[in-house]
Amino acid sequence: MRFYTENECEEWLRARQRALPDTQPEQSLERVLFPEKPYQLLSFAQWIAGSITFREPTLLWITEIGIWPSSENWHLYYKLRQSHADYRLLHEAPGHLFLQHESEDLASFLQMTMLNGWGGYVLTHANYVNAFVSHDEYVDFIAKLDSNLTDVREKFKVSKTS
């Protein structure tokens, strides 16, 4: 696992000739609300980490913090981050690059992101489905091809949006 500055996150996208998924025209989107119970966030995060990444590198880029300060457990976040030998502050390096074998780490950081009321992007190397995790307790799954969202719709029992 590596931690990236904002510039390094932008370079990661540029190297793949990509932009943030919600800034691209003609993208399909499926919005899924967070589970009702906080203890269900782990399985939600694990599904995201294991299903849309295709066991390829994935960048979690946190772009929204401080919106719900009473929800933020900075101590727990920094202990988790320090367990990966990185001692920078989140605003100094908001990107978290997870390698193929680090899906459980991605799930843990996603769960922490959701619990803390933060927002950001799950940018997959495969680029079939990406996601935006909102501080407003939903995830937008975004894909260039609408058919790539079939698994999301089946898993969360949502009908295709128009």
Item to complete: List every residue pair whose Cβ atoms lie under 9 Å apart, where the two residues are 6 or more positions apart in sequence or sit on different chains, the first residue falls within segment 31-50 and is over 22 Å from D146 (Cα atoms), and the second residue, located anywhere, is of a type in the set (D, E, K, R).
Response: Q46/E104
Worksheet item: Checking E104 against (1) surrounded by 15 or more Cβ atoms within 10 Å (Cβ to Cβ); (2) of a type in the set (D, E, K, R); (3) over 17 Å from V129 (Cα atoms); (4) within 16 Å of the chain's Cα centre (by Cα), which test does it fail?
Response: (1)
Response to the item:
When segment 35-56 is checked residue by residue, the ones that are part of a loop (DSSP other than H, G, I, E, B) and either buried (at least 18 other Cβ atoms within 10 Å of the Cβ) or not hydrophobic (A, V, I, L, M, F, W, C) (or both) are P35, E36, K37, I52, T53, R55, E56
Worksheet item: Only one of these conditions is not met by T113: (1) in a helix (DSSP H, G or I); (2) within 22 Å of Q27 (Cα to Cα); (3) polar (S, T, N, Q); (4) touching a residue at least 40 places away in the same chain (Cβ under 8 Å). Which number is it?
Response: (2)
Item to complete: Could you please find all residues in segment 57-101 being more than 23 Å from S134 (Cβ to Cβ), in contact (Cβ under 8 Å) with a residue 40 or more places away in the chain and outside any loop (DSSP other than H, G, I, E, B)?
Response: none
Discussion item. For a quick check of your reading of the model, give me the residue pairs whose first member lies in segment 126-143 and is closer than 24 Å to P69 by Cβ, whose second is in a loop (DSSP other than H, G, I, E, B) and among the aromatic types (F, W, Y), with beta-carbon atoms closer than 7 Å and at least 6 apart or on different chains.
Written reply: H135/W68; H135/W118; E137/F34; Y138/F34
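Each reported figure results from applying straightforward, stated rules to the coordinates on display, with no laboratory input. What you are looking at is a predicted structure, and each value in this text was computed from that prediction instead of being measured. Cβ atoms come from the backbone with ideal geometry, glycine included; neighbour counts cover every protein chain shown.
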